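Working notes, structure below.
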Amino acid sequence: MDPVVPDLLDYIGQTPLVELTALQVKPGVRIFAKIEGQNPSGSVKDRIALGLVLAAERDGRLKPGGTIVEASSGNTGIALAMVGKRRGYDVKVVLPKATVPAIVEVLALYGVDGIFCEQCQDMRQAVGLAKSMAERHGWHMLGQFDDPTNVRVHYEHTGGEILAQLPQVDVFVAGIGTGGTIMGVGQRLREANPAVRIVGIEPKMGDRLQGLCSMSDGFRPPLLKMDQLDGRWLVDHASAILAAERVIKSEAINAGISAGAALHVALREAERLEQGNIVVMFSDGGWKYLPAKPWEAARAGDPTLDDVHWW
Ligand SMILES: Cc1ncc(COP(=O)(O)O)c(C=O)c1O
């Protein structure tokens, strides 16, 4: 009998949680990173792309051979490209202005249409365009920003995995895009430890480009409940990029820019903590950012860094 070989999609999740031992953290405070770049398409978004597709299949919103559309500045689009290909769907991804160019190229390699929206200054406009295309063409909109399945996937899987790997979590730090990660994992960790501190990070976007999560301009991702956060930091991209460089140099972990932002904040949270365990989300790896040369730009103090959708 042939051995049962799992599908690529069966390898989503169960990512490593590793302690960052080389960074200078004070005695008694330990930092652990959840390495989501280990997912098959390279980011945490594999989890929700699969979860949202399976949920839509189950309740009949997604028909065999259908077309799925989503707005994404990167990782969700790539994750959906993989999931769509494996499960037989056409995928279209609406990309806002200032998307990292390598994303479009990766999507093209998957055979996915990246619909580059030059007029979409922010993710909200890209979501609006994706919704109107879905209505016009009868496509299925994945809906990462609105569908509570996003939060549920992180509650059940990402959060459950972290607790199985490290039962005592005192601080959890994650970047906010849709808010799915921080809401789902946060809820699960709080059930295990009501005193856990849940800390969200928003990317600081430039004046010329209001990012989805520049909540200072009044936008709240619908899934994000601010009263479930214990702390919120706004991180500029140069700090995030330089922290990502620090983690590859010190820990030999190739982490993406939101991972750098999360680490930047985790190190500050560590200063406030007497003792305890901090878990930080490394939502993707650094590879896809290399062609944009963010490290050089960060060192040179390039002001346009904050005008790019790095996550
Ligand atoms: C690299 C990276 N980090 C963090 C996030 C934020 O995750 P979430 O959408 O679950 O809030 C995203 C999502 O866009 C991402 O692509």
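Worth a mention:
- Take the convex hull of the alpha carbons in the chain; its mean projected area over all directions comes to 16.8 nm².
- Rounded to 10°, Cα long-axis angle of helix 45-58 versus longest principal axis of the chain: 40
- Net +/- balance of residues flanking GLY184 in space, Cβ distance below 9 Å, scoring K and R +1, D and E -1: +1
- Which of ASN39, VAL4, LEU273, positive extreme of dipole for the chain (C-beta unit charges): LEU273
- Residue order for TYR110, TYR155, fewest other beta carbons within 10 angstrom first, comes to TYR110, TYR155.
- 20 Å cut-off, amide nitrogen to a point 7 angstrom out along ARG220 Cα→Cβ, residues in region 169-193: 174-188
- C-alpha long axis of helix 257-272 to longest principal axis of the chain, angle in °: 30
- Span from the region 130-203 Cα centroid across to the region 4-49 one, whole angstrom: 15
- Restricting region 75-139 to GluC sites (Glu not before Pro) that sit in a DSSP loop and have at most 15 other Cβ atoms within 10 Å of their own Cβ leaves GLU118.
- Among VAL44, VAL25, VAL196, the largest mean-square fluctuation in a Gaussian network model of the chain, built with springs joining Cα atoms closer than 10 Å, belongs to VAL25.
- Formal net charge of residues neighbouring SER41 (Cβ-Cβ distance under 13 Å; K, R +1; D, E -1): +2
- Only Lys, Arg (+1) and Asp, Glu (-1) charged, at Cβ; the chain dipole about Cα centre in debye: 160
- Cα-based radius of gyration of region 45-141 once divided by 2.2 N^0.38 Å, which approximates compact folds: 0.99
- Assigned charges on the beta-carbon of Lys, Arg, Asp, Glu; region 45-141 dipole about Cα centre (debye): 260
- Summarising the overall dimensions of region 1-56 from its C-alpha atoms, the Rg and Dmax are 16.3, 54 angstrom.
- Calculated on C-alpha atoms, the gyration radius of region 129-284 divided by its Kirkwood radius gives an Rg/Rh of 1.00.
- For the chain: relative contact order, % (alpha-carbon pairs under 8 angstrom, 6 or more apart): 21
- Summed residue charge, Cβ within 13 Å of ILE12's Cβ, Lys/Arg positive, Asp/Glu negative: -2
- Taking other C-beta atoms within 10 angstrom as a stand-in for reagent exposure, THR99, THR181 fall in the order THR99, THR181, fewest first.
Each value in this text was obtained by applying a stated rule to the coordinates, not by laboratory testing. Everything numeric here is computed off the predicted structure, so don't read it as measured data. Neighbour counts are summed over all protein chains in view; Cβ atoms, including those assigned to glycine, are modelled from backbone coordinates with ideal geometry.
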